[in-house]
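Novice: Pasting in a structure now, in structure tokens, and then I'll have a few things to ask.
The values are calculated or read from the model by the stated rules, or taken from the named source; none is laboratory data. Values in this document were obtained by computation on a predicted structure and should not be read as measured data. All Cβ positions, even for glycine, are placed from backbone atoms using ideal geometry, and neighbour counts span all protein chains on display.
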Amino acid sequence: MTNEFALPPALEKGDKVAVLATSSGVQNFPEVIDIGVDRLEERFGLDVVVFDNARRDTEYLYNHQEEKAEDLMRAFEDPEIKGVVAVTGGDEQIRMLKHLQPERLKENPTRFYGISDNTCLHTYLYNLGIQSFYGGQILDDLLAEGEIGEYIYSYLEKAFFEDELGKLESSQNFTDEYFDLFQDEITDDREAFKSPDWEYWNFDGQNVEGRLFGGCFSVIKDLLMADKLPNEEKLEGSILALETSEENPSTIEVKRWLINMGETGFLQKF
């Protein structure tokens with residue numbers, strides 16, 4: 001392992017991107033994919049190809065991990081596909097990793113976008129030295145706010161078409177609610193609140209730089225238990241970024257995870 005990373009080429013308007021099921025399925029609300037595809041095409045000017053498994057149900061995908069892995073590798077190898085967008089997250093993507101052939105991905109670095117359970121794939125690509133993007137999946141980044149929220153849109157546009165995100169600003173608004181996918185028409189009527197801006201603890205004002213590593217907190221915990229996280233050399237000097245997902249674990253649960261991560265030596269690498 002080395003600390004050299006490949007940044008896959010930025011997309012251009014009109015480029016082809018693949019929509020894949022990399023974890024769970026969304027068969028119970030198929031309009032989710034159609035809305036996401038429309039927004040990729042209309043708001044970002046991309047040409048979208050939807051792989052067949054993207055429309056499969058969760059039970060099928062759970063029992064066919066090798067098919068999901070093959071879809072990902074085939075998308076990376078296709079010279080016409082410049083980006084891969086995950087449909088949604090889930091809780092069992094870790095079972096897919098053993099079906100991946102690392103050389104097929106490493107020889108064809110392609111921009112990958114996803115959150116939640118896709119932390120497994122981000123970590124796998126990190127181990128291969130391929131930069132990926134935590135965000136941009138169909139559910140629910142491309143559905144938020146009925147349209148795409150301007151905050152989300154501005155950073156996704158950079159993640160698609162540029163080589164850096166620039167200075168990260170806080171969102172002006174936030175919500176703790178999860179929108180209802182089982183409505184007759186998907187709309188976003190969640191209550192929004194004014195953001196309190198960034199909050200800091202034990203921060204002395206000193207600027208730090210490093211490569212970001214992280215993702216969904218519970219998935220990082222599972223990867224640590226399964227010994228699938230990058231080695232110490234790969235993580236040395238990185239900045240750890242974690243989010244707790246819509247599961248909203250309790251304060252004491254997060255505390256215990258962090259204590260155990262500290263006792264294993266994991267936190268000291270950052």
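Novice: What are the residues in region 225-247 that are basic (K, R) and modelled with pLDDT under 90, if any?
Specialist: From region 225-247, those basic (K, R) are 228, 234; that's our starting set.
Across region 225-247, the qualifying residue is only K234.
Novice: Right, E164: at pLDDT 85 or above, under 21 Å from the mean Cα position of the chain (by Cα) and either loosely packed, with under 12 Cβ neighbours inside 10 Å or assigned by TED's automatic domain parsing to the domain that holds A241 (or both) or not? Full working, then the answer.
Specialist: Working: at pLDDT 85 or above: yes; under 21 Å from the mean Cα position of the chain (by Cα): yes; either loosely packed, with under 12 Cβ neighbours inside 10 Å or assigned by TED's automatic domain parsing to the domain that holds A241 (or both): yes.
Answer is yes for this residue.
Novice: Across region 4-40, what is the number of residues that are surrounded by fewer than 19 Cβ atoms within 10 Å (Cβ to Cβ), at pLDDT 95 or above and in a loop (DSSP other than H, G, I, E, B)?
Specialist: 6
Novice: So P249 ticks every box in (1) under 24 Å from E164 (Cα atoms); (2) assigned to a loop (DSSP other than H, G, I, E, B); (3) touching a residue at least 24 places away in the same chain (Cβ under 8 Å) but one. Which box is left unticked?
Specialist: Among (1) under 24 Å from E164 (Cα atoms); (2) assigned to a loop (DSSP other than H, G, I, E, B); (3) touching a residue at least 24 places away in the same chain (Cβ under 8 Å), the lone unmet condition for P249 is (1).
Novice: For R56, work out the one condition from (1) surrounded by 20 or more Cβ atoms within 10 Å (Cβ to Cβ); (2) within 17 Å of the chain's Cα centre (by Cα); (3) modelled with pLDDT under 95 it doesn't fulfil.
Specialist: (2)
Novice: Right, something else. Please find, within region 211-241, the residue that is farthest from G129 (Cα to Cα) out of those that are in contact with a Gly (Cβ under 8 Å, 6 or more places away or on another chain) and buried (at least 19 other Cβ atoms within 10 Å of the Cβ).
Specialist: The residue in question is C216.
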